[in-house]
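The next block holds one structure in the form of structure tokens; read it before the comments.
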Amino acid sequence: MSFTTDDQERTKSVSENTPHDLVLDQNIDVKCRFSLEGTYLQVSPNCEYLLGYTEQELIDQNYQDFIHPVDLKKLHMQLEKMNDSIETFSFRIQHKDGHYIWMETTVAFIPHPETKQYVEAVAVARDISHRKKTEQHMMESEKLSVTGQLAAGIAHEIRNPLTSLKGFLQLLKMDNDHRDDFFNIMESELTKIETISNELMVLAKPKQTDFKFHRLQSLLEHVIMLLDSEAFRHSIQIEQELTEESLYVYCDDTKCKQVFLNILKNAIEAIEQDGKINVKVFKEDEHTAVIEVKDNGCGIPKHLLKKLGSPFFTTKKTGNGLGLMVCYKIIEQQNGSISIESEPNEGSTFTIRLPLYMA
């Protein structure tokens, strides 16, 4: 891949040992130069072998038009977080025949020798499809192992209410008098089975996500409003400390509300009476929004914290442990994280971090 005199002049401030020269090494798979707007300026000939496009077909085209839509959203977020002039990204790029190839791409931004302002970028990319397939096989193996654990848990959790239902039905057969208490217990047990089934369906076959930009405070305010009456019945006060600055997250609002609802309900159930829940939202840095849900309930022993989120593990008298497991899965899909701090008899703090987007 050759460069003109003008090109060499523009990048002569970069020394022979810089990442720029590494990226342009002739042994790297595919090399290209592009403008800060993303327009291809120059592409190495072997691009046609990997992606089917000739250099002439790519020149003046924008790289964003070839990246898988899902990966493009994630790439935009990663580019916003770049702290250095060189970074490596993985994403799918479309071959000329229509199928997608996983590429690992190292991007280096080139500064003007005098102004030091970035004027263009160079990149190298290599096909990592084989590596991705290997990782997928490993994930499938791990899923099979988890499926086995879930199957054992399901058998245990569903067997108990089914035993109760079978017993009460046998009693009803022998007793002509209708017993309301029998029916109430049977209905409660059926509800348990329904709840377990619904939560397992979320884990096994999640609905298609609908990612859009949403104001984080509005999502939380809606959930808190839904739980106000339940908190009032238990003499629990929900305090809100929501930053006045509008914080926008790119998420599936229905699933995010499900997480907030689950965690707030857990906080309510952890408080026996006359308690307080503090919901705080703030911007940790330019790229991260934080949601803290703090209660003064019964708390959780430290040796049990690591088990939270495991299938069928719960510290509540009633529950199956799947709710928090679903929360972890949803937040992971949103490229966020959940952490928990707790002390017995002092309460718990659930902290959710989500990528922040500028409106």
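The values are calculated or read from the model by the stated rules, or taken from the named source; none is laboratory data. Small disclaimer: the values here were computed from a predicted structure and weren't measured. For the accessible areas, the whole protein counts, side chains as well, though only heavy atoms, and no ligand, DNA or RNA atoms are used. Shrake-Rupley method; radii C 1.70, N 1.55, O 1.52, S 1.80 Å.
Checking the table Lys212/Lys306; Lys257/Lys294; Lys192/Lys212; Lys192/Lys276; Lys133/Lys255 against a 22 Å threshold on Cα-Cα, which pairs fail?
Working: Lys212/Lys306 32 Å; Lys257/Lys294 17 Å; Lys192/Lys212 33 Å; Lys192/Lys276 28 Å; Lys133/Lys255 29 Å.
The pairs that break the limit, which is 22 Å between Cα atoms, are Lys212/Lys306; Lys192/Lys212; Lys192/Lys276; Lys133/Lys255.
Once all protein chains are placed together, Lys96 keeps about 110 Å² accessible to a 1.4 angstrom probe.
Ranked from largest to smallest solvent-accessible area, with a 1.4 Å probe on the protein heavy atoms, His130, His95 come out as His130, His95.
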